[in-house]
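Here is the structure we will look at, set down as structure tokens.
Throughout, read-outs are computed from the coordinates displayed, never taken from laboratory work. Keep in mind the model is a prediction, meaning the values are calculated, not measured. Please note: Cβ atoms are built from the backbone with ideal geometry, for glycine as well, and neighbour counts cover all protein chains shown.
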2 protein chains.
Amino acid sequence: MKRKIKEILGIDKPIIQGPLNWLTDAHYVSAVSNAGGLGVLGLNAGERESAKNMEERINNMRREIRRVRTMTDKPFGLNVAPQSNDPALDKYTEAWLQLMVEEEVKIVILVGDLAPYWIGRFKDHGIVVVFRALQPTVDNTKAAIDAGADIIVATGFDEGGTVPYQGIGTFSIVPLIVDAAEGRVPVFAAGGIADARTAKAAFALGADGLYVGTAFMMAIESPLAHGIKVLAVEANANDLVMYRTVPAFYRSLPGELPNKLLAMSKAGATEEELFEAQNTYVGMRDGMLFGDLSKGYASFGLGISVIHSIRPVAEIIDELMKGVPA
Amino acid sequence: MKRKIKEILGIDKPIIQGPLNWLTDAHYVSAVSNAGGLGVLGLNAGERESAKNMEERINNMRREIRRVRTMTDKPFGLNVAPQSNDPALDKYTEAWLQLMVEEEVKIVILVGDLAPYWIGRFKDHGIVVVFRALQPTVDNTKAAIDAGADIIVATGFDEGGTVPYQGIGTFSIVPLIVDAAEGRVPVFAAGGIADARTAKAAFALGADGLYVGTAFMMAIESPLAHGIKVLAVEANANDLVMYRTVPAFYRSLPGELPNKLLAMSKAGATEEELFEAQNTYVGMRDGMLFGDLSKGYASFGLGISVIHSIRPVAEIIDELMKGVPA
């Protein structure tokens, strides 16, 4: 399967960098690709303010893609979250597809609910499709492969950001999804993979590759605020606060706003009330990019426990590769 | 560490059977011990009705301990959940300790919040102490070892029953607790361990042994209702419903009562309201021992996905041992 991954993605090491909204840029993404993994640009890559409209957003991303090209000639990907399987309801994904065609970006991570229409459209344009369900299931795995997905990501509850709503941990989701894929395509494990041990465990569970968020965000090259990196080095999974929100739960380093959200959650606030109170997704920018936990939150996966330093992407990949079977 | 486990527990294979309230008896526990693991009697072992008072409860357990002795000469343990670290507030744990001394049961699983007083008391009587925190942390791991615990169980959110309230999956809790133990005592991993892959992954994460609930409950010898076993063979982690309750969350096979609890949970019912509505812990008896999901629930760990048959305990242990390093 390792050779198959190299054929599909064109990368030397079976590791995909998980993109977070606001928290990628060309410098970081090219560092991952240059080190042999797959760097991925996420929404608002290289930005500090939300684009005013779709056209500006697309042009900003075009600039960031071109910047990546000045820093690496290795493959990299773009993260896209379809809003609907019905193209009439989703002009957004069509715009990203056209951008990728124009700029010749060859790999897309389609994240969220299953959208077979979009898997088909990207495939029609010769783009490699990595499907990452918000909640991986036997059914959406089989359906995504049937629709043409080249790689499946099995994301466990141990990850950071928008966690899978069924609460199925990495330890349990990986064998379930590996069995569902029946060897038809490679399965990448996500959630808590941050050192040699956890990388080795992912392969023991049947994974063919690793999808890594938190560990890479802690790299020197990542746009995450340095102050947040310093806090995260000292923290472990016991320290994170977990509160309900849309669509499930979020975890964050403790701080003024996260602690308030935890208290609201315990007191029975609705998911929608919490989503508003956390300043929706802009709270991620304020907390993680700007390092302000009075207005934002700082979401990490549970792999935070085994991360003890801020170091170059290349060293992180070396560490993870110690867990990859020869 | 493997030899150390044999010295501490007197068993050949590094596997402890997790006891569930209502769902153990002498037949089942002795089968685990005879197959080389550690069988453990849980509360209400061999019972179908709650004892009227503490004296009756202790005498029922005395009878069950003696029944185990007629079926095996191998070591076995007793599960005890201290109510308080203050002995004046916990006559209950003193009664269990006296029973163990009288009946010469040599291994206790102390489950729940850290109670250093009780760890010390059991140790004073020459009883081996396995500490299983409801929520494992760096702090309670270190404190339990300092108080004399011989083995630590690192329980992940992937388990069944009363799941750890911080939501830290098996994949992430095991390395955290292994590092906290610093090699002073063996660490057993719990939560989702149900086949050779998951056993292998637990060791990759740094565990020294396995603590196995759901996989053993699905054995021919276990008192779990046959109808529930049949449903569970067909189910996977995607099928389980998860609802809030005291003290955190519960997972169950779907059914009349569990579906109602899920709806109540989504509608914002408090943990206490849900605990009452699920018929507290008696709901476990009604659902799992009697197989009635209109009055009870049927809690499983997420390892349910990889369990495809009802078979003898000895075969389950053979399967798990394929994941144990030589």
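When the convex hull of its Cα atoms is viewed from all sides, chain A shows a mean projected area of 14.6 nm². Which whole-number percentage describes the relative contact order of chain A, with Cα contacts under 8 Å and a sequence gap of 6 or more? Worked out over chain A, it gives 16 percent. Inter-copy label distances at A:Gln98, shortest first and taken from points set 7 Å along Cα to Cβ: 8.2 nm. Taking the centroid of alpha carbons for each part, segment B:36-87 and segment A:6-37 are 54 Å apart. Which residues in segment A:223-264 have a backbone N closer than 20 Å to a point placed 7 Å from the Cα of A:Thr270 along the Cα-to-Cβ line? Label zone hits: A:243-250, A:261-264.
Sequence-distant contacts, meaning Cα pairs under 8 Å at least 6 residues apart, place the relative contact order of segment A:181-326 at 34 percent. FRET efficiency for the pair A:Lys322 and B:Arg311, taken as 1/(1 + (r/R0)^6) with r the Cβ-Cβ distance and R0 = 35 Å, rounds to 0.45.
Give A:Lys200/B:Lys13; B:Lys4/B:Lys74; A:Lys52/A:Lys123; A:Lys13/A:Lys106; B:Lys6/B:Lys123; A:Lys266/B:Lys260 a once-over and call out the pairs whose C-alpha atoms are over 28 Å from each other. Too far apart for the 28 Å limit: A:Lys52/A:Lys123.
Taking the label point 7 Å along Cα→Cβ, B:Asp318 and its counterparts in the other copies are spaced 4.6 nm apart, in ascending order. Relative to the Cα centre, the charge distribution of segment B:64-132, modelled as +1 at Lys and Arg Cβ and -1 at Asp and Glu Cβ, gives a dipole magnitude of about 260 debye. Inter-chain Cβ neighbour count for B:160-169, averaged per residue, equals 5 (cutoff 10 Å, partner chain atoms only). Of all residues in chain A, the one whose Cβ lies closest to the rotation axis carrying A onto B, together with that distance in whole Å, is A:Gly169, 1. As a calculated quantity, the FRET efficiency between B:Arg66 and B:Glu182 at R0 = 30 Å, using C-beta atoms, amounts to about 0.15.
When only alpha carbons are used to place a centre, segment B:137-152 and segment A:217-272 end up 27 Å from one another. For segment B:241-299, the normalised intensity computed at q = 0.24, 0.25 Å⁻¹ comes to -0.84, -0.91 (log10 of I(q)/I(0), Debye sum over alpha carbons, equal scatterers, no solvent). Assuming charge only on the beta carbon of Lys and Arg (+1) and of Asp and Glu (-1), the dipole of chain B about its Cα centre is about 600 debye to the nearest 20. Taking every alpha-carbon pair under 8 Å whose residues sit at least 6 apart, segment A:62-196 reaches a relative contact order of 18 percent. The Rg/Rh ratio of the protein assembly as shown, with both radii computed over alpha carbons and Rh defined as the Kirkwood radius, is 0.99.
Here is the list for segment B:63-117: GluC sites (Glu not before Pro) lying in DSSP coil, each with at most 10 other C-beta atoms within 10 angstrom of its C-beta, are B:Glu104.
Taking 7 Å steps out from each Cα toward its Cβ at A:Val233 and B:Ile220 produces label points 5.8 nm apart.
With its label point put 7 Å out from Cα toward Cβ, A:Thr270 sits 2.0 nm from the same residue's point in the other copies, in order from shortest. A DSSP coil position with no more than 16 other Cβ atoms inside 10 Å describes the following trypsin sites (Lys or Arg not before Pro) in segment B:50-104: B:Lys52. If only the Cβ of Lys and Arg carry +1 and only the Cβ of Asp and Glu carry -1, the dipole of segment A:241-299 around its Cα centre is close to 180 debye.
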